[in-house]
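**Student:** Take this structure first; my questions come after.
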Amino acid sequence: MVFMDDKKFWIGFNLIKGIGAVRMQGLVAYFGDMETAWNAPPASLAEAGLGAKVIERVLTARETVSLDKVWEKIESQGIKILTWGDEAYPARLKEIDQPPPVMYIRGEYLPDDLFAVAIVGTRKVTPYGRQVTEEIASFLAANGMTVISGLARGVDAIAHQTALKAGGRTIGILGSGVDKIYPPEHRGLAEQMMERGAIISDYAVGTPPEASNFPPRNRIISGLSLAVVVVEAAETSGALITAEFAAEQGREIFAVPGSILAPQSKGTNRLIQKGAQPLLTPDDLMQALDLTRIGAQKSARKILPADETEARVLNVLGSEPLHVDEIRNQAGLPIEKISATLAMMELKGMVRQVGGMNYVAMREAQSDYNI
């Protein structure tokens with residue numbers, strides 16, 4: 001658990017140009033905590049992996065930035081901070097390459113937001129794209145899925161708006177600070193999203209919506225999602241960057257086919273040609289993601305509390321498949337107890353059977369139990 005005082009120093013480093021996930025990992029590994037790193041001499045910062053220019057920026061920040069005032073500003077705006085050390089940090093996001101060290105959140109990111117699908121696409125959406133986006137977002141909301149997108153004009157905004165109208169949750173990932181809503185006409189939409197979802201950024205408070213900020217934030221859109229749906233996208237669309245991140249992260253990728261003559265469908269048709277799943281009906285999502293189990297998994301997480309047996313099973317399981325007999329041997333419990341526990345844990349989304357009575361642990365469950 002990262003305490004408030006230490007979070008100030010995470011934010012301090014987050015303000016410094018040139019310190020991203022890789023360098024933050026180096027600082028954590030070398031110093032153990034961010035307060036020690038913030039106060040370290042230049043020689044120690046160099047040993048931790050920082051170059052001369054970045055060290056100079058750190059020293060300048062120490063002299064010019066009041067972390068107490070920065071923290072007061074964050075608190076006054078109701079912004080929540082999550083870092084790698086927080087139990088509430090999304091486990092799925094933590095698995096990606098270079099996960100954001102600091103996340104700024106307005107609204108609430110809930111455990112149920114683990115069940116999320118991203119919908120992305122062009123800003124120049126066609127009537128066809130609008131209709132498809134509305135159908136998909138409504139379907140997902142009705143099935144208890146959180147809709148994630150980038151709060152941009154076009155497909156993104158339609159996805160957020162439709163999820164809210166359907167009574168669902170939705171999360172927007174920004175390419176600016178969470179206090180700098182862009183585009184400005186979406187401020188009202190952002191306020192609604194904070195009531196039933198959140199807006200999230202890994203950029204420091206006050207960061208303007210510069211063009212270079214948007215491609216990197218797409219890794220968070222896909223990183224928080226089980227799958228990414230690209231509705232309409234031109235051949236140079238930012239939505240295709242999200243799909244690339246999704247492929248690297250091992251997420252499911254769906255693309256809505258369109259006319260070969262429509263510029264907005266050239267990117268999606270190309271994705272299908274490269275192996276993305278064509279999304280012909282929302283039921284394609286139902287089958288691929290097994291959405292029929294989502295309600296049961298959510299209910300089970302709330303109704304069935306963890307016990308010592310579950311903890312022992314999780315201690316045994318990992319990402320490599322393990323047969324039920326070996327689980328029994330390592331956990332030291334009767335086979336009937338193991339079988340019953342695995343059945344409940346599978347319902348809760350904590351483990352997954354991969355065939356032949358072999359099981360793997362879902363990483364979210366391992367994180368929840370601090371194993």
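**Student:** Please find, within region 27-55, the residue that is farthest from Tyr109 (Cα to Cα) out of those that are exposed (fewer than 14 other Cβ atoms within 10 Å of the Cβ) and more than 28 Å from the chain's Cα centre (by Cα).
**Tutor:** The residue in question is Ala43.
**Student:** Can you tell me which of (1) touching a residue at least 24 places away in the same chain (Cβ under 8 Å); (2) out of contact with any Gly (no Cβ under 8 Å at 6 or more places or on another chain) is the one Pro184 doesn't meet?
**Tutor:** (1) is the only condition that Pro184 fails.
**Student:** In the list Ile253, Ile221, Ile241, which residue meets the criterion of being touching a helix residue (DSSP H, G or I) at 6+ places or on another chain (Cβ under 6 Å), assigned by TED's automatic domain parsing to the domain that holds Thr126, crowded, with 21+ Cβ neighbours inside 10 Å and free of Cβ contacts under 8 Å to residues at least 60 places away in the same chain?
**Tutor:** Ile253 is the lone residue from the list that is touching a helix residue (DSSP H, G or I) at 6+ places or on another chain (Cβ under 6 Å), assigned by TED's automatic domain parsing to the domain that holds Thr126, crowded, with 21+ Cβ neighbours inside 10 Å and free of Cβ contacts under 8 Å to residues at least 60 places away in the same chain.
**Student:** Next question, about the same structure. Any idea which of Val117, Val125, Val132 is in the same structural domain as Asn213 (by TED's automatic domain parsing) and in contact with a Lys or Arg (Cβ under 9 Å, 6 or more places away or on another chain)?
**Tutor:** Step by step, each of Val117, Val125, Val132 is checked, and only Val125 is in the same structural domain as Asn213 (by TED's automatic domain parsing) and in contact with a Lys or Arg (Cβ under 9 Å, 6 or more places away or on another chain).
**Student:** In region 1-58, which helices (runs of 4 or more DSSP H) lie fully inside it and hold 3 or more residues that are outside the structural domain of Asp202 (by TED's automatic domain parsing) and modelled with pLDDT under 95?
**Tutor:** The qualifying helices (runs of 4 or more DSSP H) are 4-14, 21-31.
**Student:** Then there's this: Suppose the filter is assigned by TED's automatic domain parsing to the domain that holds Pro215, without any contact (Cβ under 8 Å) to a residue 24 or more places away in the chain, surrounded by fewer than 19 Cβ atoms within 10 Å (Cβ to Cβ) and over 16 Å from Val231 (Cβ atoms); does Arg196 pass it?
**Tutor:** So Arg196 does not fit the description; no.
**Student:** Can you tell me which residues in region 150-186 are in contact with a Leu (Cβ under 9 Å, 6 or more places away or on another chain), hydroxyl-bearing (Ser, Thr, Tyr) and part of a loop (DSSP other than H, G, I, E, B)?
**Tutor:** Scanning region 150-186 gives a single hit, Tyr182.
**Student:** Something else now. Go through (1) in contact (Cβ under 8 Å) with a residue 40 or more places away in the chain; (2) under 19 Å from Ile171 (Cα atoms) for Ala234 and report which single condition fails.
**Tutor:** (2)
**Student:** Let me ask something else. Among (1) at pLDDT 95 or above; (2) closer than 30 Å to Ile79 by Cα, there is one condition Glu210 misses while meeting the rest; what is its number?
**Tutor:** (1)
**Student:** While we're on this one: Please go through region 131-146 and pick out each residue that is β-branched (Val, Ile, Thr) and more than 21 Å from the chain's Cα centre (by Cα).
**Tutor:** Selection gives Val132 alone.
**Student:** On the basis of being in a loop (DSSP other than H, G, I, E, B), among the acidic types (Asp, Glu), closer than 28 Å to Leu164 by Cα and in contact (Cβ under 8 Å) with a residue 60 or more places away in the chain, does Glu87 make the cut? Reasoning before the result, please.
**Tutor:** Values: in a loop (DSSP other than H, G, I, E, B): yes; among the acidic types (Asp, Glu): yes; closer than 28 Å to Leu164 by Cα: yes; in contact (Cβ under 8 Å) with a residue 60 or more places away in the chain: yes.
So Glu87 passes the test.
**Student:** On to the next question. Give the residues of region 95-133 that are outside any strand (DSSP E or B), β-branched (Val, Ile, Thr) and in contact with a helix residue (DSSP H, G or I) (Cβ under 7 Å, 6 or more places away or on another chain), sorted by residue number.
**Tutor:** Ile96, Thr122, Val125, Thr126, Thr133, listed by residue number.
Let's see how each residue does on (1) surrounded by fewer than 16 Cβ atoms within 10 Å (Cβ to Cβ); (2) over 25 Å from the mean Cα position of the chain (by Cα); (3) more than 21 Å from Ala340 (Cα to Cα); (4) modelled with pLDDT of 85 or more:
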| site | (1), (2), (3), (4) |
| --- | --- |
| Lys266 | no, yes, yes, yes |
| Ile272 | no, no, yes, yes |
| Gln287 | yes, no, yes, no |
| Ala300 | no, no, no, no |
| Asp307 | yes, yes, no, no |
| Val316 | no, yes, no, yes |
| Glu326 | yes, yes, no, yes |
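The values are calculated or read from the model by the stated rules, or taken from the named source; none is laboratory data. Every value quoted in this text rests on a predicted model; they were computed, and no experiment measured them. Heads up, the Cβs are rebuilt from the backbone with ideal geometry, glycines too, and the neighbour counts pull from every protein chain shown.
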